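Notes follow the structure.
The values are calculated or read from the model by the stated rules, or taken from the named source; none is laboratory data. Bear in mind the structure is a predicted one, so any value in this text is a computation, not a measurement. Because the Cβ atoms are built from the backbone with ideal geometry, glycine has one as well, and the counts that use them run over all protein chains shown.
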Amino acid sequence: MLLPNHQPQPLNPNPKPLMEYIHRIQKVSVIGAAGKMGSGILLLTAIEMADQMLKPENKGKTFVLNAIDTSDEGLIGLVNYVRSQVLKAAEKKIVALRKLYVDKPDLIENSDIIEAYVQDVMSVVRSTTRIEAAYDSTLVFEAVSENMVLKEKLFRQINENNSGKPWFFTNTSSVPIGGLNINAALEGRILGFHFYNPPAVQKLVELITISENPAEMIEFANKFAANLRKTVIPSNDIAGFIGNGHFMRDALFGIKESESLIDLMPLHEAIYCIDRVTRDFLSRPMGIFQLVDYVGLDVVQFILRVMQPHMTGEILHSSLLDELVLSGVNGGQFSDGSQKDGFFRYQKGKPVAVIDKLTGSYIQIDTFRETADSWLGAAPTEVLPWKTLVKVADKDKVLIPAFKALRVSPAKGAGLAVAYALNSLKVARKLVNDGVAHTEKDVNTVLLTGFFHAYGPINEYL
């Protein structure tokens, strides 16, 4: 995993915002630091804190980053992960590091400078299983599970025992910030700072603010994101925000489409077909069912449950998801990053079998691929694979004829693809009309940047 080329930022001509930034960044805690999201957030924060610490104007100031998690084993792995990633980051920015260490003439070789930088970054990090470490922090990042009750409990505990009135940045992708603020009595000192997975690689951050947020808190959030080389997209405080607001509805549509085909084929074949349509006919990086597996069926189910009470006149639920999660089919990843079984079973990261919900067993794709592919028909030759499409500079020249070909194609897969794209467009426009997203461009940017789509759902191709 390679990090962005994180460079030291120039001095701010207005010293007051800079002073506030340095004050807040000196004492930081990450809750859930050993988790998939928390580890990336901790890594990025550790690098930013070290870069600030090494500036001449900050000489003598102490920077402390508490890595807090319930797992001792996880924290050991976290320290090893951070060290290895900082080493890679240092190797990429050796020119900038030479400037930071210009006052240390004994550091001559690149290897000496890299070693010194790794040591400086690691000197900032303190790993612990004790939540009390956050009682002295001025800034707290939270990256625990999408459990509103747990989040509120942690926020309240830290807030009641921290006299410094800390700011809380929650990585939630679905829980409304206003409710967390009220229930944990935070007086506006919380906002949504939603990194996308994995945080060290993904360039997108959804920033969810509420009216009670102090202006300097929002200014800090934007500066911090800019220092991390992140693209910030604002979202209004409506459950699911932009990313999950689209993804959850996109996934539900895929599930319903597969269930609508059961009179024509077994469900496992229908799942394969819809997944292939969303990947190969719509030129996406992965099919919708593989994406659900990647996120986790249990996580998707939980996010839908979080969103549902806030959505009037709309049912955000899948009985199929419930059945699979109840039977222990959760998806997600193992600690080494490999994919767990979900709708698909995987070998070397690729789907090789599909779940049979009636038996709980997996049916090899090779046993029905030819039949399913024949039923779908071929994608038009104008439709490019995702890996090719993302490299095209002028996508209009490719996508306009591609969607025209999909609309006139007699292939069943093409018809399913057009219906899927139209629903994706409908969902995206709903996010704007409902006030979740500020603009259509913001929705497109989230799908392009956070989900690696080759084109936005709001377009002229349909």
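Taking each residue of the range 268-281 that is more than 20 Å from Ile363 (Cα to Cα) and assigned by TED's automatic domain parsing to the domain that holds Phe368 and looking for partners that are in a helix (DSSP H, G or I) and at pLDDT 95 or above with beta-carbon atoms closer than 7 Å, six or more apart or interchain, yields Thr278/Gly254; Thr278/Ile288; Thr278/Tyr420; Phe281/Leu406; Phe281/Gly413; Phe281/Ala414; Phe281/Ala417. Taken together, Gly178, Gly192 contain a single residue that is surrounded by fewer than 21 Cβ atoms within 10 Å (Cβ to Cβ), touching a residue at least 24 places away in the same chain (Cβ under 8 Å) and not aliphatic (A, V, I, L, M), which is Gly178.
Scan the range 277-289 for residues that are in a helix (DSSP H, G or I) and surrounded by fewer than 24 Cβ atoms within 10 Å (Cβ to Cβ) and jot them down. Spell out how you get there, then give the answer.
Filtering the range 277-289 down to residues in a helix (DSSP H, G or I) leaves 277-281, 288-289.
Those that are in a helix (DSSP H, G or I) and surrounded by fewer than 24 Cβ atoms within 10 Å (Cβ to Cβ): Arg279, Asp280.
Can you find even one residue in the range 92-113 that is at pLDDT 95 or above, in a loop (DSSP other than H, G, I, E, B) and out of contact with any Ser or Thr (no Cβ under 8 Å at 6 or more places or on another chain)? No, the conditions are met nowhere in the range 92-113. Specify the residue that is farthest from Leu282 (Cα to Cα); the eligible residues are those in the range 437-457 that are surrounded by 21 or more Cβ atoms within 10 Å (Cβ to Cβ), hydrophobic (A, V, I, L, M, F, W, C) and out of contact with any strand residue (DSSP E or B) (no Cβ under 6 Å at 6 or more places or on another chain). Among those residues, the one meeting the criterion is Ala437. Can you find a residue that is loosely packed, with under 13 Cβ neighbours inside 10 Å, hydroxyl-bearing (Ser, Thr, Tyr), within 30 Å of Met265 (Cα to Cα) and modelled with pLDDT under 95 anywhere in the range 358-375? For the range 358-375, residues loosely packed, with under 13 Cβ neighbours inside 10 Å, hydroxyl-bearing (Ser, Thr, Tyr), within 30 Å of Met265 (Cα to Cα) and modelled with pLDDT under 95: present.
Consider the range 408-432 and keep the residues that are loosely packed, with under 14 Cβ neighbours inside 10 Å and in contact (Cβ under 8 Å) with a residue 24 or more places away in the chain. The one that is nearest to the chain's Cα centre (by Cα) is Leu422. Looking across the range 38-57, the residues that are more than 13 Å from Asp120 (Cα to Cα) and either over 20 Å from the mean Cα position of the chain (by Cα) or surrounded by fewer than 22 Cβ atoms within 10 Å (Cβ to Cβ) (or both) come down to Pro56, Glu57.
Scanning the range 318-334 for residues that are modelled with pLDDT of 95 or more and either surrounded by 15 or more Cβ atoms within 10 Å (Cβ to Cβ) or in a helix (DSSP H, G or I) (or both) yields Ser318, Ser319, Leu320, Leu321, Asp322, Glu323, Leu324, Val325, Leu326, Val329, Asn330, Gly331.
Just one of the listed residues (Ser145, Ser163) is touching a Gly at 6+ places or on another chain (Cβ under 9 Å), surrounded by fewer than 16 Cβ atoms within 10 Å (Cβ to Cβ) and over 15 Å from Ala67 (Cβ atoms), namely Ser145.
So which of Pro351, Pro380 is surrounded by 15 or more Cβ atoms within 10 Å (Cβ to Cβ), assigned to a loop (DSSP other than H, G, I, E, B) and touching a residue at least 12 places away in the same chain (Cβ under 8 Å)?
Numbers: Pro351 fails: assigned to a loop (DSSP other than H, G, I, E, B).
Of the residues listed, the single one that is surrounded by 15 or more Cβ atoms within 10 Å (Cβ to Cβ), assigned to a loop (DSSP other than H, G, I, E, B) and touching a residue at least 12 places away in the same chain (Cβ under 8 Å) is Pro380.
So, Val306, is that one surrounded by 18 or more Cβ atoms within 10 Å (Cβ to Cβ), within 25 Å of Gly35 (Cα to Cα) and either not hydroxyl-bearing (Ser, Thr, Tyr) or not assigned by TED's automatic domain parsing to the domain that holds Ser145 (or both) or not?
Values: surrounded by 18 or more Cβ atoms within 10 Å (Cβ to Cβ): yes; within 25 Å of Gly35 (Cα to Cα): yes; either not hydroxyl-bearing (Ser, Thr, Tyr) or not assigned by TED's automatic domain parsing to the domain that holds Ser145 (or both): yes.
Yes; evaluated as a whole, the condition is true for this residue.
Cβ separations smaller than 8 Å between residues 6+ apart or across chains give the following pairs from the range 449-462 residues that are farther than 13 Å from Ser424 by Cα to residues that are outside any helix (DSSP H, G or I) and among the acidic types (Asp, Glu): Gly450/Glu206. Looking across the range 114-134, the residues that are surrounded by 19 or more Cβ atoms within 10 Å (Cβ to Cβ) and either not aliphatic (A, V, I, L, M) or not in a helix (DSSP H, G or I) (or both) come down to Tyr117, Asp120, Val125, Ser127. Among the strands (runs of 3 or more DSSP E) confined to the range 155-244, the ones with at least 2 residues that are under 24 Å from Leu43 (Cα atoms) and among the aliphatic types (A, V, I, L, M) are located at 190-195, 204-208, 231-235.
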